[in-house]
Ligand code: GLU
């Protein structure tokens, strides 16, 4: 959804570093620790050929960045998008590092990406691209080193190809723990496909409760109706909330009486978009962000809430299901206006949390029921939310700063315990 984001302010990487610096200062981190944790440990850039269906051979650029393996192997998704850059992947890797730490997972952060347009590629082309990219980053990944997962425009299918490719390079040894977000038949976990939206829903429930807003009748506007946004909307609706607007890259729909997200999902499956859903008015992505509602849920790409629209946001609170949807200036505006923001590293951490469960199950070859996964996911999300909420009250900082402080403190403690091999 390239048209949804804006690149007029500082980059997501600079933003992530800015929040890190502020949290480090508040925590009083020593200089050597700041230097250790501020920059990624490893960055790999690969250029590789892919044979297209028409016989041409095109070259693609891909990346894998590991932020820091202090707490354990690094972890993070792989995105396919025409605007992927090394800078963006570095920013997403550092967000993963704080996200994993905040959730109490034994992982560092990583991210990967390939600059390509998956919407214009055939399944065969995507398979060849995925297998070749996997072969290129093979020296860096492994179940005890760095564990990829799905991200924007990748899913179970791509994860299965990666497992197969790397396994073929290793004497046909089946290696399910190498990536998460796999099909269940290959060692995937129950609940992984819905984990990001479901985790965000648990965070939204906590946030509403702490703001004294009952979920029954509470309103939400959801930008982005992909895996995260649609699952969130369905959960919110089932809990008695009203989803008044949703959108995708083609546009949005609005009904102040509330939409039925399951019916919208069906419409999207049939027509390719939420646009044209019967009984709803159309609304642009920009307008959706400025609707009167209790919760605004950006669930698409980064930088959609910026200095230009943040003063017009009328939501009572924001739940960041996307990574990096709020620019630095917008963040300051929300802080000033007293609009609480459940930050990405908390609100969308359900995905990597169930990835962790998947990895644990793969290592044991013993699989849990959907109920068990869901119960544990709720436990992890609620625990993280409460920690962040208390920290924000204690230190008089907003939820994002509190999340960064909790997360960075844990990584720093681990790094101190390990000591410097310098
Ligand atoms: N790509 C997801 C994220 O940004 C999930 C990563 C994972 O499961 O490792 O959190």
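Coordinate-derived values only; no laboratory data. Given the structure is predicted, the values throughout are model-derived calculations rather than measurements. Quick reminder, even Gly has a Cβ in these numbers, built from the backbone with ideal geometry, and neighbours come from all protein chains shown.
Quick notes on this structure:
- Kirkwood hydrodynamic radius (C-alpha pairs) into Stokes-Einstein, the stretch 315-422, 25 °C and 0.890 mPa s, D in µm²/s: 155 µm²/s
- Sorting 47, 165 from the fewest to the most surrounding beta carbons within 10 angstrom yields 47, 165.
- Of the residues 344, 374, the one with the fewest other Cβ atoms within 10 Å heads the list, and the complete ranking is 374, 344.
- Largest-first ellipsoid semi-axes for the stretch 36-180, taking √(5λ) over the Cα gyration tensor eigenvalues, angstrom: 25, 17, 12
- With the gyration tensor restricted to C-alpha atoms of the stretch 12-78, the semi-axes of the equivalent ellipsoid amount to 36, 13, 9 Å, longest first.
- Sorted largest first, the principal axis extents computed over the alpha-carbon atoms of the stretch 226-313 equal 35, 27, 23 Å.
- Over all pairs of different C-alpha atoms, the stretch 136-290 has a mean inverse distance whose reciprocal, the Kirkwood radius, equals 17.4 Å.
- For the residues 393, 131, 64, a GNM of the chain with alpha-carbon springs under 10 Å puts the largest fluctuation on 393.
- Percent antiparallel among DSSP beta bridges (both partners in the chain, rounded to 5): 50 percent
- Both the radius of gyration and Dmax for the chain are 20.4, 65 Å, in that order, over alpha-carbon atoms.
- With contacts taken as Cα pairs under 8 Å at a separation of at least 6 residues, the chain carries a relative contact order of 17 percent.
- The base-10 log of I(q)/I(0) for the stretch 40-82, evaluated at q = 0.19, 0.30, 0.33 Å⁻¹, reads -0.70, -1.09, -1.16 [Debye formula, identical scatterers on Cα atoms, solvent excluded].
- Mean residue ellipticity, 222 nm, helices only, the chain: the sum of -39500 (n - 2.57) across DSSP H runs of n ≥ 4, divided by residue count and rounded to 500, is -14000 deg cm²/dmol.
- The fraction of all Cα pairs in the stretch 377-422 landing in successive 10 Å bins from 0 to the largest distance is 27, 40, 25, 8, 0, given as whole percents.
- Remark on the stretch 126-192: hydrodynamic radius 11.8 angstrom, per the Kirkwood mean of 1/r across alpha carbon pairs.
- Note on the stretch 218-366: semi-axes of the ellipsoid equivalent to its C-alpha gyration tensor, largest first and rounded to whole Å, are 25, 22, 13.
- Counting neighbouring beta carbons within 10 Å and listing from fewest to most, the residues 212, 362 come out as 212, 362.
- Scaled against 2.2 N^0.38 Å for its residue count N, the alpha carbon radius of gyration of the stretch 289-356 is 1.07.
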